[in-house]
Amino acid sequence: MGVIPNPADFLRVQDAHWYRIPHKQAKHGIHAEYVAFYFTGRYEEALRWQICYYARRTGHEMVRRVDLLPDEPTHPRAHEQYYKIQLGPLKERRPPIISLRWRRITFIQTTWDRFVKAEEINDLFSTDKQFVDRVYHALKRRGLQPERNVQVREAGAEYNVDLLIPCQDGVVMLSSDDAHPSQALPLRDDHETDWQAIDAEVARHGGPLLVDVPL
């Protein structure tokens, strides 16, 4: 899944049938059979904060950004390497895959099975540890709406938290990394997950903050 940051980029996908990804964000190459597109807040309400379209990747090549976008020669990344991904016709994803909380997203690797079944963005993540994935689905079965792979800051440091549960009064964070925010609950294995501790933290923060999911 890639991001379409502004309407000019979407026009290129529609009319010229190509999309760009910085090489540094895909150092191991481009192997996806399909590319799905997430629209940011710069779009009209019918598109923003969701995945509405996808296309088959028909090929790719490495080029400099300035060669892709010659009208932007002074861009700070003008001479950096990008993948130019050639695309087939756009297909509509019905219903769209929504972002419950309008979060900032860059790229997500997923599988076709997850893409077909997903209701919201967090259902797409496929590169987490398996037990983190199981805990995520267990949280959803308990009526919660956890966010996945969220960057948080604490005391000047930046952390990537596996799971974040929005609550009425703050958030509850769950992390499998040894380096994690001081307020995060540790995740070691789903069989060792302390559900009582999670429930207690959610209750201490006023209960879950839920968003209606369109049917």
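Table for the structure above
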quantity: Selection within the range 67-86 - of a type in the set (S, T, N, Q) and surrounded by 14 or more Cβ atoms within 10 Å (Cβ to Cβ); calculated: GLN86
quantity: Residue under evaluation ILE21, criteria (1) assigned to a strand (DSSP E or B); (2) of a type in the set (A, V, I, L, M); (3) surrounded by fewer than 16 Cβ atoms within 10 Å (Cβ to Cβ), criterion not met; calculated: (3)
quantity: Some residue of the range 119-127 being in contact (Cβ under 8 Å) with a residue 12 or more places away in the chain, surrounded by fewer than 15 Cβ atoms within 10 Å (Cβ to Cβ), farther than 18 Å from VAL211 by Cα and out of contact with any His (no Cβ under 7 Å at 6 or more places or on another chain); calculated: yes
quantity: Residue within the range 130-150 that is among the charged types (D, E, K, R), touching a strand residue (DSSP E or B) at 6+ places or on another chain (Cβ under 6 Å), touching a residue at least 40 places away in the same chain (Cβ under 8 Å) and crowded, with 19+ Cβ neighbours inside 10 Å present; calculated: yes
quantity: Qualifying positions in the range 136-194 - at pLDDT 90 or above, among the aliphatic types (A, V, I, L, M) and part of a strand (DSSP E or B); calculated: LEU163, LEU164, ILE165, VAL171, VAL172, MET173, LEU174
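Residue-wise test of (1) surrounded by fewer than 12 Cβ atoms within 10 Å (Cβ to Cβ); (2) closer than 18 Å to ILE108 by Cα.
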| residue | (1), (2) |
| --- | --- |
| ILE4 | no, yes |
| ARG12 | no, no |
| ASP15 | yes, no |
| GLU33 | yes, yes |
| ARG42 | no, no |
| GLU45 | yes, no |
| CYS52 | no, yes |
| ARG65 | no, no |
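The values are calculated or read from the model by the stated rules, or taken from the named source; none is laboratory data. The model shown is predicted, which means the values in this text are computed figures rather than measured ones. No Cβ is skipped: glycine too gets one built from the backbone with ideal geometry, and neighbour counts run over all protein chains shown.
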